[in-house]
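A short reminder: the numbers here are calculations on the coordinates, not readings from a lab. Predicted model only: the values in this text are computed from it and were never measured. Glycine also receives a Cβ, built like all others from the backbone with ideal geometry; neighbour counts cover every protein chain displayed.
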Amino acid sequence: MPESKETRERILRIAEIIIEELKLEEITPESFDPDMDLVNELGVDSMDLATVALVLQDEHGVFIDEDDYPKLKTVRLIAEYLQSRLQGRKGKDA
């Protein structure tokens, strides 16, 4: 199933945050593989992930539980997790 424009934009934004926070110079959001394992392939540690989570929480107004960090292994998984949190929030606001 092709990803929606909203999902693609979210993936690009998450990649952009990771690139900025990790100061990656030779990669762009467009060339960032959304299925790359952030820990094993990119070397993201728990502090890096916490920083990314805080930026996403601030941008989207959702809470990302520290217990969920191990599930957030790829940019695509982070985007899916964020989407589920945003949908859950919409359900509570309705």
Please enumerate the residues belonging to region 44-58 that are within 13 Å of the chain's Cα centre (by Cα) and surrounded by fewer than 12 Cβ atoms within 10 Å (Cβ to Cβ).
D58
When residues of region 1-44 are limited to those that are of a type in the set (V, I, T) and not in a loop (DSSP other than H, G, I, E, B), the one farthest from P70 (Cα to Cα):
T7
Being assigned to a loop (DSSP other than H, G, I, E, B) and touching a helix residue (DSSP H, G or I) at 6+ places or on another chain (Cβ under 7 Å) is the filter; apply it to region 45-63 and report the residue that is farthest from R10 (Cα to Cα).
F63
If you check E26, E21, E41, E30, which single one turns out to be more than 13 Å from L77 (Cα to Cα) and surrounded by 13 or more Cβ atoms within 10 Å (Cβ to Cβ)?
E21
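This table checks each residue for (1) of a type in the set (D, E, K, R); (2) closer than 16 Å to L82 by Cβ.
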residue: K5; (1), (2): yes, yes
residue: E16; (1), (2): yes, yes
residue: L24; (1), (2): no, no
residue: D37; (1), (2): yes, no
residue: G43; (1), (2): no, no
